[in-house]
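Shown next, in structure tokens, is the structure this report addresses.
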Amino acid sequence: MNDLLNGTWVTDGGLETDLTFNHGVDLPEFASFPLVEDPDGRRLLEQYYAGYAAIAASAGAGLLVETPTWRSNPDWGTVLGYDATALDRVNRAAVELARGAGQASGVGRTLVSGVVGPRGDGYLAGGEDPDEAAEYHAGQVRSFAAEGADLVHAMTITGAAEGIGVVRAARAAGLPVAISFTVETDGLLPDGSTLAATVARVESEAPADWYGINCAHPTHVRHALDGGPWQERLSFFRPNASTMSHAELDEMEVLDAGDLELLTSSAADLRSLVPSISVVGGCCGTDSQHVAALWGLRSH
């Protein structure tokens with residue numbers, strides 16, 4: 001296993017839901033990356049990351065600054081008016097902003113993660129062709145590498161094929177890579193696969209450096225665990241605040257910030273079963289209060 005992420009690391013919460021519901025920011029197509037090129041947007045992102053830097057400092061952990069680029073791929077970029085040249089520019093700028101946030105944090109250990117999102121919607125099963133996925137995600141990953149990101153982290157991946165593709169793209173660009181999958185309320189991926197089988201397939205075809213789970217409540221993730229040795233490969237955990245299903249969350253017009261006590265207790269139970277988890281943040285519905293609580297701290 002790559003030792004870049006030795007020790008424990010704080011990362012951020014649900015950026016898009018936090019900005020939308022807690023800060024009143026309009027994010028067309030749920031995309032935060034355009035903020036990188038807007039002066040007010042940059043300031044807001046810098047303030048956002050500073051909140052998690054404070055948590056990392058209090059927890060004595062490293063700070064993993066993850067770029068706001070979950071939507072900045074060709075399909076979503078086209079919808080928002082970004083061609084390949086513009087996407088390269090904004091993906092590089094996102095790495096530069098994240099690096100600046102890390103340098104300003106005062107935290108002794110900081111790394112920048114270039115975030116890749118799924119080609120389609122994060123709640124729907126993706127394609128079945130790893131080569132196609134590798135080609136599709138290659139441009140974004142090359143932009144991260146060119147700007148000096150420390151690693152790539154693909155989040156809310158819904159099946160093995162797209163995960164394999166991202167790993168291949170990262171290897172071609174010379175970057176270490178983490179793949180985080182999402183699961184439904186029953187612990188299965190949106191394509192119906194078990195997490196164990198999905199990780200096993202990626203391991204057999206294009207092993208990632210790290211694996212993780214995001215965008216699911218700990219009580220849902222618990223169903224995915226079978227006690228197998230594959231669980232020792234899990235390093236990233238970014239849970240949702242809500243126990244609602246993905247379909248229910250998609251229909252929500254108000255924020256479900258969840259039950260904080262249930263989130264923290266169920267996350268602690270899960271981490272006791274998977275002690276290899278070392279990078280902890282949040283996903284939909286979470287903010288710095290939730291992430292601080294996941295680290296056993298008061299709100300920052």
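Values quoted throughout were computed directly from the atomic coordinates according to the rules given, and no laboratory measurement underlies them. A quick note: this is a predicted structure, and the numbers were derived from the prediction, not measured. A quick note on method: Cβ atoms are made from the backbone with ideal geometry, for glycine too, and the neighbour counts reach across all protein chains shown.
Points to keep in mind about this one:
- For the range 1-129, alpha-carbon Rg over 2.2 N^0.38 Å: 1.09
- The H on the amide N of GLY159, modeled in the peptide plane, is under 5 Å from the matching H of GLY126, each at least 5 residues off or on a different chain.
- Inverting the pair-averaged 1/r between distinct Cα atoms of the range 9-294 gives 18.4 Å as its Kirkwood hydrodynamic radius.
- The simple spin-label model puts a point 7 Å past each Cα toward its Cβ; for ASP38 and ALA86 those points are separated by 1.4 nm.
- For the pair SER58 and THR8 in one chain, pulling the backbone fully straight at 0.36 nm per residue adds 16.7 nm over the alpha carbon distance.
- For the range 231-300, GluC sites (Glu not before Pro) meeting the loop criterion (DSSP other than H, G, I, E, B) and having at most 15 other Cβ atoms within 10 Å: GLU253.
- Stretchable slack from SER204 to PHE30, in nm (0.36 nm times residue separation minus alpha-carbon distance): 59.3 nm
- Values of log10 I(q)/I(0), in the order q = 0.12, 0.14 Å⁻¹, for the range 71-229 under a Debye, Cα-only, solvent-free model: -0.52, -0.69
- Residue exposure sequence - CYS215, CYS284 - by fewest surrounding Cβ within 10 Å: CYS215, CYS284
- For the range 176-186, backbone phi angles converted through the Karplus equation (6.51, -1.76, 1.60; θ = phi - 60°) give residue-by-residue couplings of x, 8, 10, 10, 10, 9, 10, 10, 7, 4, 8 Hz, Gly and Pro being listed as x.
- Here the range 9-294 is treated with +1 on each Lys and Arg Cβ and -1 on each Asp and Glu Cβ, and its dipole about the Cα centre works out to around 1100 debye.
- On a per residue basis, the convex hull of the C-alpha atoms belonging to the range 95-170 measures out at 88 Å³.
- Here the range 259-278 and the range 96-116 have alpha carbon centers that stand 25 Å from each other.
- Reported value for the range 144-260: 118 Å³ per residue, from the convex hull of its C-alpha atoms.
- Measuring r between the beta carbons of ALA172 and SER265 and using R0 = 41 Å, the FRET efficiency lands at 0.45.
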